[in-house]
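Down below is the structure, laid out as structure tokens.
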2 protein chains.
Amino acid sequence: MQRAAALVRRGCCPRTPGPWGRRQSSAAAEASAVLKVRPERSRRERILTLESMNPQVKAVEYAVRGPIVLKAGEIELELQRGIKKPFTEVIRANIGDAQAMGQQPITFLRQVMALCTYPNLLDSPSFPEDAKKRARRILQACGGNSLGSYSASQGVNCIREDVAAYITRRDGGVPADPDNIYLTTGASDGISTILKILVSGGGKSRTGVMIPIPQYPLYSAVISELDAVQVNYYLDEENCWALNVNELRRAVQEAKDHCDPKVLCIINPGNPTGQVQSRKCIEDVIHFAWEEKLFLLADEVYQDNVYSPDCRFHSFKKVLYEMGPEYSSNVELASFHSTSKGYMGECGYRGGYMEVINLHPEIKGQLVKLLSVRLCPPVSGQAAMDIVVNPPVPGEESFELFHREKESVLGNLAKKAKLTEDLFNQVPGIHCNPLQGAMYAFPRIFIPSKAVEAAQAHKMAPDMFYCMKLLEETGICVVPGSGFGQREGTYHFRMTILPPVEKLKTVLQKVKDFHIKFLEKYA
Amino acid sequence: MQRAAALVRRGCCPRTPGPWGRRQSSAAAEASAVLKVRPERSRRERILTLESMNPQVKAVEYAVRGPIVLKAGEIELELQRGIKKPFTEVIRANIGDAQAMGQQPITFLRQVMALCTYPNLLDSPSFPEDAKKRARRILQACGGNSLGSYSASQGVNCIREDVAAYITRRDGGVPADPDNIYLTTGASDGISTILKILVSGGGKSRTGVMIPIPQYPLYSAVISELDAVQVNYYLDEENCWALNVNELRRAVQEAKDHCDPKVLCIINPGNPTGQVQSRKCIEDVIHFAWEEKLFLLADEVYQDNVYSPDCRFHSFKKVLYEMGPEYSSNVELASFHSTSKGYMGECGYRGGYMEVINLHPEIKGQLVKLLSVRLCPPVSGQAAMDIVVNPPVPGEESFELFHREKESVLGNLAKKAKLTEDLFNQVPGIHCNPLQGAMYAFPRIFIPSKAVEAAQAHKMAPDMFYCMKLLEETGICVVPGSGFGQREGTYHFRMTILPPVEKLKTVLQKVKDFHIKFLEKYA
């Protein structure tokens, strides 16, 4: 028993298939064998098991960090141990994590954050005055003038004011009220919090939540956790992943048979699909939500990431107000933004905000109450959000550098979006819609029937099989389309366009070569 | 309608009683009247209302930031507007927020954080080498060497290693495995995550979660959110708030009639009650959990906050291992720690960790999956946690200053704990147990029957009425005992001992004067 216990301690505990159906590693199998040989007489039944656990949590799936990412981690460890592979490094193109891919932080943002963290630096001549001004303003609004105090549950007041001012500027003067701004722990926190309040009912009156397919799997995960009903509407791949209101109508009508559709989630610019919605489309969606009495969630975390010259970001809030008072005083809307995407890519700080429109005052009280249970979002993330919405302006000392850094990131992303589309479309059996925005390609891939059979033999979805092979043969980690949802019989993967240009070119070339070999092998 | 809309925008929207039963302010009543005179013809029924919302969220209560804190905020605004009060400032003794009360951050911790935030500072001669060494180590373990990248969902590897090493040292060599460490967004996040996985079943097989009364209201809030059953066990006020295992037996037996008791939550040192459990008591609790097949949650966030010379902190993990393999290989335990308390008081960074013992390997996979939906805890909070578990050691450049700062905070807290106990016990009608640990006093207060009647007339719990009066007359904000739970007919409040010594003396004197006046008034 002691040896088994020691194995367990070293992390070699007997591995049964994981939550994503991972296969046993040989080390784990060995540990398993040891346990069989020396049964632990005193080991009792565990209280918390797959059978006894919360079934809604068990049902959660989250592909972006799923089995493919675990496999990538294993391969990295093997490489570190000197095991030879056909490649020298794993390229994690599975997640929109810009700085992990080498993108440098925006200098001004980090200067302000450092000043807030260690206020002694406010006396240092090596920090610019505009950064010091921002830091002083943030600190003055913090308890004890410190990032180390809790903030109000809704977020630091002056940061909420800055967010409101940013939204007003962004939306050409449509007013925003700091009282309607809630700072959050990344956008994910805001989305799951508002969904938590919205979901109710059992049986046929369970809350239906409409989400795009393909979707960002936070939505399906939270819907599962909350035991709500996922109502799929399909984006139109033939039409650059556009949202078609007729498809919304179909989806809501069918859903009404078995649930109470109450929420409509929109991701614009799209993740994983990269489309940017036209103003007309947004108007149609708002009208539909008004007609069908749906609460709108607008996930707008990629609002700064628009690359196609024909596309522009329109916020749901702005369009809502432009549609007149019948809409602007009735449609309930929550929209989300984050420090993680855009040109700053500050994922690790977990900063974000949510703006709510037409929320019932009683519900606003409920929201603050619910948020207060977790005390407050990280204050450092709130400070990061402040710099995102309140960056240097022309005339300020740091403006030029800030502007150059921002334009460099966004310019590169635009270049990489075009490059990726062009290269994928040169590969037989791959079709890729234009990457109008966000930071992902979601190409459609042809998987020959022999490969589909091979996948079935491995009890894997065909695109999971494809992505696993891609990872094992090239070290490139992408996420199978099945993790986001896709029309039956179609296959995709999501790949970020975040690696630096030259590296991205190599990655794309490797995917191309792999794909051609894959087609040949399973022809 | 436009005027009404403008009022709504300015935050003067018509207020119905809030989630904590707040009364209408006169401005709100006025806005209400306006709305009645000019009905908004185009205003439709809202989708999200108190009636349609998630009933489990509606049922949540969270006193630490409840109506008393909202009232404190209103009073602060009034003071700012120049409205005269019998006091000049609000003293927020409602929440354990050390730095908001003037406690200075630990220099070394902030130096490392600043270096991690803005790595250009690594070249600065004004930072000590040991801080730079820590910062380099953390950054090397981060994607792209940046706090701005996502970490693994379980937390940065080297930080988990440092946590494990810390636990091993703390527990006199009992080994800790980094694989069992999960970094979290404060301790609250860890506690609610593990409870989320644990809760299942409906009807009589709903999960019962045993919590102390008085408790920290995170527990009751999460139990409500998850629709689990709260099973109260009462701490023994006559015996310095000790935990008595016979009371656990009573509680679990009674609970079995209507639910499936599966979890036992312990807070040690106690919040709000400040007791420090003896080693014997912990052994008894572990044996009871083993006997009754209960999953143990040990909330040990105050492990550095022990003041009574007769008391010592014993971790559940250590006692579990010392009880032998029958226990150490069977009892499932999760224990929690945080950057927010102790001597560092870094609440705003939302750093924390959870250590799990005997968790089924399948459940560990489920846990990582669930955590991955929120991507990762704030990386800056993880870095703060690293400094807490890996502080300067003798011989290092920063040790002396660090040691002095730490001892100063803890020494002052010990002094204030004694001061508070002594002063409260001089007041007729107040009885206060020794503050053995944590950072709160939870004195019992006598409320005369006339005051109880007055409270009932205001539809308030008697201790809420008392605390509201205290706030209105002295500016001191404390939390009524009813927010934590207490034996029927007894009344308490929770007050932090965080104000600086001289200020705390004034606060205590004011409470004393108020109490005597209160007794006279309602005699």
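Within region A:221-243, if we keep just the residues that are of a type in the set (G, A, S) and assigned to a helix (DSSP H, G or I), the residue that is farthest from the other protein chains (Cβ to nearest Cβ) turns out to be A:S224.
For region B:486-498, the criterion of a residue being touching a residue at least 12 places away in the same chain (Cβ under 8 Å) and open to solvent by 60 Å² or more (accessible area, probe 1.4 Å) is satisfied by at least one position.
Within region B:199-217, which residues are on the phi < 0 side of the Ramachandran plot, more than 9 Å from chain A (Cβ to nearest Cβ) and open to solvent by 20 Å² or more (accessible area, probe 1.4 Å)? Selection gives B:G202, B:K204, B:S205, B:R206, B:Y216.
Quick check: is even one residue across region A:330-343 open to solvent by 10 Å² or more (accessible area, probe 1.4 Å), β-branched (V, I, T) and under 15 Å from the mean Cα position of the chain (by Cα)? The answer is no; no qualifying residue exists. Per the listing A:G208, A:G143, A:G172, A:G202, the residue uniquely free of Cβ contacts under 8 Å to residues at least 12 places away in the same chain and assigned by TED's automatic domain parsing to the domain that holds A:A251 is A:G202.
The set of residues in region A:445-466 being under 23 Å from the mean Cα position of the chain (by Cα) and open to solvent by 30 Å² or more (accessible area, probe 1.4 Å) consists of A:A461, A:M464. Does any residue of region B:360-367 turn out to be among the acidic types (D, E) and open to solvent by less than 10 Å² (accessible area, probe 1.4 Å)? No, region B:360-367 contains no residue that is among the acidic types (D, E) and open to solvent by less than 10 Å² (accessible area, probe 1.4 Å).
Of everything in region B:294-306, what is open to solvent by 10 Å² or more (accessible area, probe 1.4 Å) and either of a type in the set (A, V, I, L, M, F, W, C) or at pLDDT below 95 (or both)? Give them in sequence order. Answer for region B:294-306, where residues must be open to solvent by 10 Å² or more (accessible area, probe 1.4 Å) and either of a type in the set (A, V, I, L, M, F, W, C) or at pLDDT below 95 (or both): B:V301, B:V306. Report, by residue number, each residue of region B:222-244 that is in contact with a helix residue (DSSP H, G or I) (Cβ under 8 Å, 6 or more places away or on another chain), farther than 30 Å from B:M53 by Cβ and not aliphatic (A, V, I, L, M). Selection gives B:Y233, B:Y234, B:D236. Just checking, which of A:A165, A:A187 is at pLDDT below 95, aliphatic (A, V, I, L, M) and under 25 Å from A:V306 (Cβ atoms)? Just one listed residue meets the conditions, A:A187. For region B:78-108, residues that are open to solvent by 20 Å² or more (accessible area, probe 1.4 Å) and in a helix (DSSP H, G or I) total 6. Number of residues in region B:162-180 that are surrounded by 18 or more Cβ atoms within 10 Å (Cβ to Cβ) and over 27 Å from the mean Cα position of the chain (by Cα): the value is 0.
Residues in region A:140-161 that are open to solvent by less than 10 Å² (accessible area, probe 1.4 Å) and more than 10 Å from every other protein chain (Cβ to nearest Cβ) were compared, and the one that is farthest from B:N120 (Cα to Cα) is A:G155.
Of the residues making up region A:115-133, at least one is assigned to a loop (DSSP other than H, G, I, E, B), of a type in the set (S, T, N, Q) and within 11 Å of another protein chain (Cβ to nearest Cβ).
Can you tell me which of A:F442, A:F402 is under 18 Å from A:I68 (Cβ atoms) and surrounded by 20 or more Cβ atoms within 10 Å (Cβ to Cβ)?
Among A:F442, A:F402, only A:F442 is under 18 Å from A:I68 (Cβ atoms) and surrounded by 20 or more Cβ atoms within 10 Å (Cβ to Cβ).
Here's the yes/no breakdown for (1) within 12 Å of chain A (Cβ to nearest Cβ); (2) assigned to a helix (DSSP H, G or I):
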site	(1), (2)
B:V163	no, yes
B:T168	yes, yes
B:G173	no, no
B:A176	yes, no
B:S188	yes, yes
B:I197	yes, yes
B:Y219	yes, yes
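State whether the residues of region A:351-362 include one that is under 25 Å from A:V306 (Cα atoms), more than 12 Å from chain B (Cβ to nearest Cβ) and aromatic (F, W, Y). Yes, that holds for at least one residue.
If you go through region A:238-272 and keep only what is in contact with a strand residue (DSSP E or B) (Cβ under 7 Å, 6 or more places away or on another chain) and among the acidic types (D, E), you end up with A:E247, A:D260. With respect to the conditions (1) of a type in the set (S, T, N, Q); (2) open to solvent by less than 10 Å² (accessible area, probe 1.4 Å); (3) more than 30 Å from A:L296 (Cα to Cα), A:T184 falls short on a single one, namely (3). Just wondering, is there one or more residues in region A:47-66 that are more than 9 Å from every other protein chain (Cβ to nearest Cβ), crowded, with 18+ Cβ neighbours inside 10 Å and either under 30 Å from A:E502 (Cβ atoms) or in contact with a strand residue (DSSP E or B) (Cβ under 8 Å, 6 or more places away or on another chain) (or both)? Yes.
The values are calculated or read from the model by the stated rules, or taken from the named source; none is laboratory data. Computed from a predicted structure; not experimentally measured. With ideal geometry, Cβ positions are generated from the backbone for all residues, glycine too; neighbour counts draw on all protein chains shown. Surface accessibility is based on the protein's heavy atoms, side chains included, excluding ligands, DNA and RNA. Shrake-Rupley method; radii C 1.70, N 1.55, O 1.52, S 1.80 Å.
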